[in-house]
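Worksheet for the structure shown next.
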Amino acid sequence: MPPRALKPTHSLKDPDTRIYVGDCRTIIPRIPECEAKSVDLIFADPPFNWQVKYDEWHDGLPRDEYLKFTREWLDACVDALTDRGAIWVNIPDDTAAEIVVHLKNERKLTMVNWCIWHYRFGQNRMGSFIQSKVHALYFVKDKDNRIWNSTDILEPSDRATTYFDPRTHNKKEGKNGLRVPMDVWYGKYWGRIQGNNVERRANHKNQLPEVYLERVIRACSDEGMIVMDPFTGSGTTGVVARELGRRFIGTEYSAANAKSAFARIKDGPVRVSKDAPTVHTTAIFPPRARRNDSATPQETSR
């Protein structure tokens, strides 16, 4: 007898939004769109194996078991992608290299970018430099036939706003002082979501900022496409995907976390709006005012 059709635990319409509760390794292959290889974009922020209390999930696996777990969920995700699809993985130093090797060598995906999400609030330590980054790994099945919306993520260039270089306004790509963001992501609204942040949702660990997911989803998917998150967590991927008119599929090991994430998705985002272009830049300084129109860029920047 064939298995019964898999039903989501939580769902919404317009656009279609679903969360399934359980182990992503066994659930993903049973989701119809995943079986059909119809998922356009996957964003994964897996457990880091750092002894964090994620409700029911044991976040302290022996290293070999954790790496086996990592390969298994990666394979389930890659198998669900369309030929034009992309997968992003948010992962710390511990396991970044292993994921890169697996996706490159075993799954034959192409790395487009190895980005860094940089934040200013790291856990204090005395035995080594304080960790203040996570790796954002961007892989695709076909680099020459992928979904890439560069014009949807342009931001003001420091060269334009700080040094007033006239060349930034005359380029064929990224005119008017705009450019594609660099591969290190930081700035206002880009930090870790702490307890006093307006984005903060109770009962969740390691919540990602909305602007992070906005950049990924705008760049690597179109409206109406399917975005999937195998580790729904606090629901950031789902809330941003839905706001931007994408369909969303999420899996979550914890029933309690899935319920909380779904409530957040229904509430909607705090910073992201489908009616406004992204304005959350990674500039360190605000645009400078010119001293006078005759000042040269070098004079103005002194």
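Where a number appears in this text, it was derived from the coordinates with a stated rule and is not lab data. Just so it is clear, the model here is predicted, and its values are computed rather than measured. Please note: Cβ atoms are built from the backbone with ideal geometry, for glycine as well, and neighbour counts cover all protein chains shown.
For the range 47-187, the Cα-based Rg and Dmax, in that order, read 18.7, 56 Å. Hey, which of these cross-link pairs are over 30 Å Cα-Cα: 141/266; 7/104; 205/266; 104/259; 68/108; 68/141? The answer is 141/266; 7/104; 104/259. Pairwise alpha-carbon distances in the range 1-110 exceed 20 Å for 47% of all pairs. The separation of the range 65-143 from the range 203-233, counted between C-alpha centres, amounts to 15 Å.
With Cβ to Cβ distances under 11 Å as the rule, what net charge do the other residues near residue 103 carry (K, R +1; D, E -1)? Net charge around residue 103: +2. With R₀ set to 41 Å, the beta-carbon distance separating residue 72 from residue 118 gives a calculated FRET efficiency near 0.85. Taking a Cβ cut-off of under 9 Å around residue 84, the surrounding Lys, Arg, Asp and Glu residues balance to a net charge of -1, with basic ones at +1 and acidic ones at -1.
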